[in-house]
Amino acid sequence: MTTIDRPNTAIIGAGIAGLACARALQDAGHPVTLFEKARGPGGRMASRHLGTATVDLGAQYFSVRDEAFQGEVEQWVAAGVVATWPTSHYRVVGNAWQAHSDQAQRYVGMPRMSAVTRHLARGLSLVTETRISRLAEEADGWWLSDPEGMEHGPFDRVVISIPAPQAQALVEPHDTTLASACRPLAQHPCWAAWVRFDAPLPAMPGVAPGWQAATLNDGPLRFVARNDHKPGRERQGESLTLLARTDWSEAQYDASADWVAEQLLAAFFAALPDGTHLPLPVATGAHRWRYAHPASHGDTRSHDYRTTASGLALCGDGWRGPRVEDAWLSGHHLGQSLTGSQP
Ligand SMILES: Cc1cc2nc3c(=O)[nH]c(=O)nc-3n(C[C@H](O)[C@H](O)[C@H](O)COP(=O)(O)OP(=O)(O)OC[C@H]3O[C@@H](n4cnc5c(N)ncnc54)[C@H](O)[C@@H]3O)c2cc1C
């Protein structure tokens with residue numbers, strides 16, 4: 001039931017920002033409903049099943065800088081949904097592999113990245129496979145419509161936690177100031193390819209046999225992750241996620257997924273030490289993230305969400321920075337502000 005001090009909130013988008021906001025609201029006793037266009041929560045922390053293997057298609061790991069996020073991640077570790085990774089990381093120039101360590105602790109979802117967002121979504125009211133295409137402000141509150149003509153509402157408040165270019169289209173008819181704030185927050189695309197092999201990768205001279213991740217400095221590829229070398233996936237069979245550079249992804253934006261997968265696999269092969277032979281790929285593919293990484297986020301850390309008197313609010317990575325941590329903090333801070341508990 002809606003009361004004046006416990007307004008009923010709709011959240012559009014069940015990525016990590018929307019979920020962090022929802023948890024802050026629900027934990028303070030506020031009614032909240034999430035609407036997500038995909039089949040499940042996760043957004044850019046999505047994972048995909050490929051037979052027995054699970055590949056992470058978006059974020060590959062995340063780091064922790066902020067104290068509040070550290071406390072949250074400790075709870076995820078205790079719940080068994082994240083673990084530290086990678087512990088064996090290489091930098092590759094040409095085809096020379098150099099072990100890399102900056103001592104920073106990084107984490108990954110266990111047994112897949114989307115385990116984190118599934119964990120956060122537990123106990124929340126989540127409407128999936130529902131893309132919100134229009135908002136209407138009526139006398140009884142906000143109503144949300146989907147393309148099938150279904151109306152959802154009324155709500156006292158609407159939190160929009162989707163990438164800013166998409167949020168802009170939803171808020172434009174209602175608040176031009178908010179729409180203008182979204183305009184500079186462009187997002188770069190990223191192609192993410194995957195490949196599953198019929199056998200483990202061979203040993204490579206000078207490289208630890210259990211290497212987990214590689215950052216590349218030239219060519220179309222920027223990062224390679226061995227999914228079966230992430231915690232909780234040890235017996236899944238060899239599979240890689242291959243992330244393309246931003247500029248390459250922009251240049252190849254309209255290419256076919258099959259062609260992109262072929263190019264990124266060829267780039268990985270070219271980066272292997274001479275004489276290394278890859279096993280046979282049994283499945284390949286690629287996903288294009290249209291809105292992958294904020295192109296700029298300015299000095300938003302002290303103001304990492306937006307609210308209006310009419311009951312609209314915006315959060316997500318674009319309002320703060322390019323990482324999982326930034327998205328969580330943006331949603332968490334907005335939730336705290338809406339419950340009046342922001343320090
Ligand atoms: C390839 C890739 C690699 C990355 N690597 C890293 C990394 O290594 N480390 C790191 O920290 N970060 C990384 N990131 C960034 C990180 O994943 C994001 O910053 C973070 O997940 C963004 O979360 P969010 O909740 O703001 O947005 P999103 O995750 O995009 O969530 C928005 C949600 O809204 C839904 N949605 C959109 N429109 C609608 C609509 N109209 N109606 C209903 N639902 C809608 C979407 O389906 C999505 O679930 C990476 C991202 C990508 C794409």
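Before moving on, here are some points about what is shown:
- Protein accessible area in the chain, 1.4 Å probe - carbon and sulfur %: 50 percent
- Exposed loop sites were defined as GluC sites (Glu not before Pro) in DSSP loop states (anything but H, G, I, E or B) carrying at most 12 other C-beta atoms within 10 Å; in the chain the longest segment without such a site runs 1-128.
- Taking amide H as placed 1.01 Å from N in the peptide plane, the amide H of residue 50 sits under 5 Å from that of 55, each at least 5 places away or on another chain.
- Residue 232 long-range amide H proximity, modeled H, under 5 Å: none
- Calculated FRET value between residue 105 and residue 277, using beta carbons and R₀ = 30 Å, to 0.05: 0.30
- Most mobile of 284, 54, 176 in a GNM of the chain (Cα contacts under 10 Å): 176
- Mean separation of Cα contacts under 8 Å, 6 or more apart, over the residue count of segment 173-250: relative contact order %: 37 percent
- Between amide H atoms placed 1.01 Å from N, distances below 5 Å from residue 15 occur with 42, all of them 5 or more places distant or on a separate chain.
- The residues of the chain expose, per residue, 44 Å² of accessible area to a 1.4 Å probe.
- Trypsin sites (Lys or Arg not before Pro) restricted to DSSP loop in segment 1-80 with at most 16 other C-beta within 10 Å: 39, 65
- Residue-wise HN-Hα coupling along segment 32-42, computed from phi with Karplus coefficients 6.51, -1.76, 1.60 (Hz; x: Gly, Pro): 9, 10, 9, 10, 10, 6, 7, 6, x, x, x
- Karplus-derived 3J(HN,Hα) values for segment 311-325, using 6.51 cos²θ - 1.76 cosθ + 1.60 with θ = phi - 60°, are x, 9, 8, 10, 8, x, 4, x, 7, 9, x, x, 10, 3, 4 Hz; glycine and proline are entered as x.
- Max mean-square fluctuation residue, GNM over the chain, Cα-Cα springs under 10 Å, options 251, 295, 121: 251
- Length gained on full extension, residue 310 to residue 77: 80.0 nm, using 0.36 nm per residue less the C-alpha separation.
- Our estimate of slack between residue 254 and residue 140, defined as 0.36 nm per intervening residue step minus the Cα-Cα distance, is 36.7 nm.
- Whole-Hz ³J(HN,Hα) from phi, Karplus 6.51 cos²θ - 1.76 cosθ + 1.60, for segment 22-30, glycine and proline x: 4, 5, 4, 5, 5, 5, 8, x, 8
- Rounded tilt (10° steps) of 257-270 against the dominant C-alpha axis of the chain: 40 degrees
- Other residues lying with their Cβ under 14 Å from the Cβ of residue 133 contribute a combined charge of -3, Lys and Arg counting +1, Asp and Glu -1.
The values are calculated or read from the model by the stated rules, or taken from the named source; none is laboratory data. Quick caveat, the model's predicted, so the values are computed rather than measured. All Cβ positions, even for glycine, are placed from backbone atoms using ideal geometry, and neighbour counts span all protein chains on display. Accessible surface is based on the protein model in full, side chains and every heavy atom, while ligands, DNA and RNA are left aside. Shrake-Rupley method; radii C 1.70, N 1.55, O 1.52, S 1.80 Å.
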